[in-house]
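Peer 1: To start, I am sharing the structure in question, which I have written as C-alpha cells.
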Amino acid sequence: MHGRNKILKNKALQNVGLAVLLLATLAAFVYAFLPKPSATPVGGTTQPAEATPSSAPTETATASPTPSATATETKEAEPPVAAFLGDSYVEGIGASSQENRWSTLVALELGWEEMNHGISGTGYATNAQGPGYVDRLDDVISEDPDVVVVSGGQNDFSTYQFDPQGTLQAISSVYEELRAELPDAQIIAVGPSTPSAVDQTVFALDAAVQEAAESVDATYVSLLDPDVFTLEMIQPDGVHVDDAGHAAIAERVIKAVE
C-alpha cells in the first residue's frame with residue numbers, strides 16, 4: 001500500500017514539473033513575439049534635441065529710424081513780406097496811430113509782414129519832402145519782398161500838369177523796374193485818391209498808373225471808381241483822412257486782392 005502511494009506521489013510531482021516547464025516554455029514563446037518598447041513611450045512627448053550653435057550670428061530685425069521733422073517742417077511758416085511804397089497816406093498821416101493806418105490794416109488782414117516805405121510829400125515824380133518813388137526802389141528791392149504795394153499819385157497832380165511826359169515816364173519806370181528785379185513778387189498798384197473834386201488831371205493820372213501796372217501784370221486798385229472817401233472822413237487840413245478814411249482804403253484794397 002505504501003509502495004503504491006509513493007508511486008502516485010512521484011507521478012504527481014512529475015506532472016507538476018511538466019506543467020511548470022510547459023508554462024515557462026509558453027511564457028518564453030509569448031515574450032519572443034511581443035513588440036519591443038520604443039525609446040519614446042506611446043502617447044509621450046518627444047524632448048527637443050539640444051540646439052547646436054551656428055557659426056554665423058543670427059540676424060535680428062532692426063526697425064528703420066523714422067526721420068524726424070526738419071526744421072522747415074516744424075517751424076511755423078513765415079508770413080509773406082509786403083513792402084508798401086507811397087506818400088503820407090502810406091506813412092499813416094491822419095490816422096490816430098500806426099495800427100490804424102490803411103497799410104497796416106491790410107497787412108494784418110492778409111497775414112503779411114509790413115515793410116513801410118511811406119514818406120510825406122512824395123510821389124512817382126515828386127520829391128518835395130524826400131526822394132521820389134523811383135529813387136526809393138533800391139530800398140524796396142533790397143528787402144526781396146513777396147508783395148509790393150505802390151500807392152499814391154496825388155502829389156503828382158501838379159507835376160503832371162507841368163511835365164506830363166516826365167511824370168508818365170516815372171510811373172512806367174517804377175513798375176517796369178519792380179517787375180524786372182522782382183519777377184516772382186505780387187505787385188499791387190493803388191491809384192491816386194483826392195479829398196478834393198475829381199477833375200481831368202486826376203482821371204488822367206489814375207489811368208496812367210493803371211496802364212503801367214497792368215503792363216507788368218500787376219493788380220490795379222482804383223480809389224476813384226467809386227470815390228473811396230466821404231466828406232466826413234476829411235481832416236481839417238483838407239488833405240488827409242481820419243481813421244475811417246484809412247479803413248475805407250484798406251477795405252477797398254483787401255477786397256481787390258482777396
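Peer 1: Could you list, in sequence order, the residues of segment 133-142 that are of a type in the set (D, E, K, R) and crowded, with 16+ Cβ neighbours inside 10 Å?
Peer 2: Within segment 133-142, just R136 meets the criteria.
Peer 1: OK, next. Would you point out which residue out of Q186, Q154, Q165, Q161 is among the polar types (S, T, N, Q) and without any contact (Cβ under 8 Å) to a residue 40 or more places away in the chain?
Peer 2: Going through Q186, Q154, Q165, Q161 in turn, just one is among the polar types (S, T, N, Q) and without any contact (Cβ under 8 Å) to a residue 40 or more places away in the chain: Q165.
Peer 1: Do the conditions hold for E177, that is, is it over 29 Å from Q165 (Cβ atoms), acidic (D, E) and either out of contact with any Gly (no Cβ under 8 Å at 6 or more places or on another chain) or part of a helix (DSSP H, G or I) (or both)?
Peer 2: Answer is no for this residue.
Peer 1: Restricting attention to segment 205-215, does a residue exist that is outside any helix (DSSP H, G or I), small (G, A, S), surrounded by 14 or more Cβ atoms within 10 Å (Cβ to Cβ) and out of contact with any Cys (no Cβ under 6 Å at 6 or more places or on another chain)?
Peer 2: Taking every residue of segment 205-215 in turn, none turns out to be outside any helix (DSSP H, G or I), small (G, A, S), surrounded by 14 or more Cβ atoms within 10 Å (Cβ to Cβ) and out of contact with any Cys (no Cβ under 6 Å at 6 or more places or on another chain).
Peer 1: Considering each of G130, G191 in turn, give the residue that is touching a strand residue (DSSP E or B) at 6+ places or on another chain (Cβ under 8 Å), among the small types (G, A, S) and surrounded by fewer than 16 Cβ atoms within 10 Å (Cβ to Cβ).
Peer 2: Going through G130, G191 in turn, the sole match is G130.
Laboratory data are not the source of any read-out in this text; all were calculated from the coordinates shown. Here the structure is a predicted model, which means the values were calculated and not measured. A quick note on method: Cβ atoms are made from the backbone with ideal geometry, for glycine too, and the neighbour counts reach across all protein chains shown.
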